[in-house]
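Remarks on the structure that follows.
The values are calculated or read from the model by the stated rules, or taken from the named source; none is laboratory data. Computed from a predicted model, the values in this text were never measured in an experiment. Cβ atoms come from the backbone with ideal geometry, glycine included; neighbour counts cover every protein chain shown. Areas reflect the complete protein model, heavy atoms only, side chains present, ligands, DNA and RNA absent. Shrake-Rupley method; radii C 1.70, N 1.55, O 1.52, S 1.80 Å.
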Amino acid sequence: MSISRLPFFRHSPLHSIPAMTVPIHTLSAILLFAGSLLSSCAKSAGDTSISRQATSISRTFASKGHLNEGQYKRVRSLSIRMMREIERVKSHNSSPLQQELLIQEIQAGYEMQLASILMPAQLARVQPYMPKLLALHSKTVAVR
């Protein structure tokens, strides 16, 4: 047997089916793919908190604003995008004032996009539950 091939399956008990072999480069490719898949899972572990928060916000909006499934998915996606932008702003070493201004812009954009997803009556019902990012961020800046 050549080193470039490893047996993948043994012969069947009846010995009528030949052994299946897999070339080394194919196994290497499979292992590399599995490794990259695990790596991407580890990277998305940081997004787990963001995903949970976005799901919570979206569920609140869905129950209070009577959103349909399409609206729910779009609001959740929008919330994830907004929270990632907030994290990106927080991770850059800029002044607290600069961070506040950028977060205000992100929140204004979020509210504008939310208004394009929801009907006016729905927007009025969910407005009291909208995440106040600036207030949340101010608390984290004060703690630092």
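Restricting the first member to region 102-115 and to residues that are under 13 Å from Gln127 (Cα atoms) and open to solvent by less than 20 Å² (accessible area, probe 1.4 Å), and the second to residues that are at pLDDT 90 or above and small (Gly, Ala, Ser), the beta-carbon pairs closer than 8 Å and six or more apart or on different chains are Tyr110/Ser79. Reported count of residues in region 59-101, each being touching a residue at least 40 places away in the same chain (Cβ under 8 Å), at negative phi and part of a loop (DSSP other than H, G, I, E, B), is 1.
When each of Lys90, Lys73, Lys64 is tested for being closer than 26 Å to Leu102 by Cα and modelled with pLDDT of 90 or more, the lone residue that passes is Lys73. The requirement of being part of a helix (DSSP H, G or I) and either modelled with pLDDT of 90 or more or surrounded by 14 or more Cβ atoms within 10 Å (Cβ to Cβ) (or both) is not satisfied by Ser56.
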